[in-house]
């Protein structure tokens, strides 16, 4: 009798445990699926939006994106989770987006190993990856973000091309955002996060605005920020912070072990910018930590300090 009771209790405990995580597949634009898509590898969902609207996806699940182009994707409904859902490329970073926009009450998503650049650079937009202030607990891990697919040759660009490719990289406006192990190439502003956030081990290579921005109780650590370009009147900073609207101070900001280098290309490049390394503006800074950073800039050698 005791063995029967023990077996019953064990089965009851299993039935009350957390639901097992599932993996679902998503097809790119123009995919042809013969049959009713159900998220299996042979019958993948036809978009991320359709996967969420299916009602199948729950916290802890993974959406594997098959190779190809996904266009401009907006995630705004049925994407609020208590446990993170992961959206990632099936192979490498072979899932490519023109833009990713997160709105509404979206919460607890991990976007991993995705490529983001506009296939038609003539279609302008402010940020290539953006989450509004109602969106929380977003992690971006291993993204490849560029102003165009061939952005790696930006050292050959003139001012006109930089102005035509004025795309900023990542903005997570809401709290508790994480950007980690991502590369941003030839963009305007690089990475901007809200409060209680982290920017860790990223590379910003070629920027025409500010490399990074972060605010109260955020950590900016182990990043590399290279090659400042100048085509407008923005005062370019490797890193910048300021008290956000409605506040008089920034609290608990940590800037640790970052490398900020003004320029690594030919010294006579006509779009070479003059960089302010770490800029803290317009208010008080409480419990501020700045340690172990390397900043190389020639801006103050031949010019007086700017009044801002």
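Every number here is computed from the coordinates shown, using simple stated rules; none is lab data. In this text the structure is predicted, and so the values were computed from the model without any measurement. Neighbour counts run over all protein chains shown; Cβ positions are idealised from the backbone, glycine included.
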Can you give the helix-only mean residue ellipticity at 222 nm for the chain, where every DSSP H stretch with n ≥ 4 adds -39500 (n - 2.57) and the sum goes over all residues, rounded to the nearest 500 deg cm²/dmol?
-> -2500 deg cm²/dmol
Would you mind telling me which residue in 98, 30, 137 has the biggest mean-square fluctuation in a Gaussian network model of the chain, where springs connect alpha carbons within a distance under 10 angstrom?
-> 30
Please give the peptides 216-224, 183-191 ranked by average Cβ packing (other Cβ atoms within 10 Å per residue), highest first, as a rough proxy for protection.
-> 183-191, 216-224
Give the order of 74, 297 when sorted by the count of other beta carbons within 10 angstrom, beginning with the fewest.
-> 74, 297
Contact order normalised by residue count of the stretch 117-296, Cα under 8 Å, 6+ apart, percent = 17 percent
Percent relative contact order of the stretch 120-175, based on C-alpha pairs within less than 8 angstrom and at least six residues apart?
-> 67 percent
Ranking of 237, 38, 133 by count of other Cβ atoms within 10 Å, fewest first = 133, 38, 237
Any idea what the relative contact order of the chain is, in percent, if you count C-alpha pairs under 8 Å spaced at least 6 apart?
-> 9 percent
For the chain, using Cα atoms only, the Rg and Dmax in Å read 22.2, 89
Computed over the chain: longest principal axis from alpha-carbon atoms vs helix 2-16 long axis, angle to nearest 10 degrees, is 40 degrees
Semi-axes, largest first, in whole Å: what does sqrt of 5 times each Cα gyration tensor eigenvalue give for the stretch 114-208?
-> 24, 13, 11
Overall Cα dimensions of the stretch 20-145, principal axis frame, Å, largest first = 37, 32, 23
Convex hull volume of the Cα atoms in the stretch 117-296, per residue, in Å³?
-> 104 Å³
Residue with peak Gaussian network fluctuation, the chain [Cα springs, cutoff 10 Å], from 287, 49, 141 = 287
Please report 88, 212 as a ranked list, fewest other C-beta atoms within 10 angstrom at the top and most at the bottom.
-> 88, 212
